[in-house]
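Let me begin by presenting the structure, written as structure tokens, before commenting on it.
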Amino acid sequence: MTVGTEGCARDANVVGRVHSLETFGTVDGPGTRFVVFCQGCPMRCQYCHNPDTWEFDKGEERSVAELLEMFERNRPFYRRGGITVTGGEPMAQPGFVAALFRAAHAAPAGRIHTCLDTSGATFSANHAARFSELLDETDLVLLDIKTSDPALHESLCGLPARHALELGDELARRRIPTLIRHVVVPGLTDSEEEVAGVGRIIGDWDNVVGLDLLPYHTMGAVKYERLGISYPLEGVSAMEPARAKELREVALRARAARRAERSR
């Protein structure tokens with residue numbers, strides 16, 4: 001297929017490694033969305049429910065043209081939605097996602113809204129230029145803040161917290177609308193001190209348009225069993241949604257307090 005301008009026609013041939021696709025996503029950005037799950041992630045979050053996306057050499061190759069063609073087949077369903085790229089970790093393939101988003105914006109049938117769902121695991125402020133083209137073409141970011149405790153972050157996810165924080169700073173600098181997500185895990189990330197810390201972090205980012213506290217669930221445990229991997233949180237009960245809502249209010253109060261401090 002021909003995708004937009006001559007430059008975007010070149011983008012059509014760009015290939016990325018994809019784990020899976022969802023053609024009717026309703027929780028990955030506004031509206032109904034075409035969701036691309038990238039293969040590969042450097043994090044090993046203890047509560048990850050997609051361990052089958054970790055390895056970079058698995059999945060299958062998909063071209064930008066192929067993905068947009070699939071989107072166009074169902075465009076009427078996506079008129080209030082768009083394309084979301086998630087993972088795995090999509091920022092591990094910045095060139096591929098940038099090409100997909102650039103082509104989406106130049107689609108002949110009309111501009112497609114783009115959303116990036118990321119933990120920021122591969123981002124570095126020292127190498128921000130590597131991600132510039134991707135962020136130039138991103139309309140909305142769903143940014144995972146795993147924990148407000150740097151020490152816990154390393155034990156919980158296997159990587160330092162600075163990657164997400166540096167990405168958050170960059171998104172704020174660019175004024176890219178960002179919705180923050182934080183998984184609330186009983187005994188790990190469910191204390192009021194923890195979620196207040198999240199609130200203080202995002203209180204420094206004026207581009208944040210929402211905060212979702214996601215209750216931990218155990219639905220991913222079966223995937224670990226299927227892959228022959230021990231489940232790190234065996235025995236941890238799912239979080240009650242009502243408690244997650246209460247903790248969200250704690251985070252929002254801390255965010256408001258931080259914003260008030262900044263305005264003095």
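Coordinate-derived values only; no laboratory data. Not measured: the values here are computed from a predicted model. Cβ: placed from backbone, ideal geometry, glycine included. Neighbour counts: every protein chain shown.
Under 5 Å between amide hydrogens, built in the peptide plane, is the criterion, and for VAL18 it picks out GLN39, GLU60, GLU61, ARG62 among residues at least 5 positions away or on other chains.
Classify segment 93-187 as rounded, prolate or oblate, taking a ≥ b ≥ c as the square roots of the eigenvalues of its Cα gyration tensor: rounded when a/c is under 1.5, otherwise prolate if a/b is larger than b/c and oblate if not. Prolate.
Dividing the convex hull volume of the alpha carbon atoms of the chain by its residue count, what do you get in Å³ per residue? Walk me through the numbers before you get to the answer.
Working: hull volume 34.4 nm³, N = 264.
Normalising the Cα hull of the chain by residue number yields 130 Å³.
The GluC sites (Glu not before Pro) found in segment 35-65 that occupy coil by DSSP, while having at most 16 further C-beta atoms within 10 Å, are GLU55.
Centroid-to-centroid, using Cα positions, segment 216-234 and segment 43-89 are 21 Å apart.
What trypsin sites (Lys or Arg not before Pro) does segment 49-93 have in DSSP loop regions with at most 14 other beta carbons within 10 Å? Each step should come with its number before you reach the end.
On the way: sites: LYS58, ARG62, ARG73, ARG79, ARG80; in loops: LYS58, ARG79, ARG80.
Loop-located and lightly packed - LYS58, ARG79, ARG80.
For LEU179, the residues whose amide H sits under 5 Å from its own are VAL141, LEU142, LEU143, VAL209, ignoring neighbours fewer than 5 places away on the same chain, with H placed 1.01 Å from N.
Normalised by the number of residues in segment 76-184, the mean separation of alpha-carbon contacts (under 8 Å, six or more apart) gives a relative contact order of 26 percent.
Based on DSSP, what percent of beta bridges with both residues in the chain are antiparallel, to the nearest 5? Don't jump to the answer; show the numbers that get you there.
Values: 9 of 33 bridges.
Percentage antiparallel, nearest 5: 25.
Segment 180-225: D in µm²/s via Stokes-Einstein (Kirkwood Rh, Cα pairs, 25 °C, 0.890 mPa s)? Calculated translational D: 203 µm²/s.
How high is the relative contact order of the chain? Use alpha-carbon pairs under 8 Å, at least six apart in sequence, and give a whole percent.
Details: 529 pairs, mean separation 44.6, N = 264.
Averaging sequence separation for qualifying contacts and normalising by length gives 17 percent for the chain.
Taking amide H as placed 1.01 Å from N in the peptide plane, the amide H of ASP190 sits under 5 Å from that of VAL185, each at least 5 places away or on another chain.
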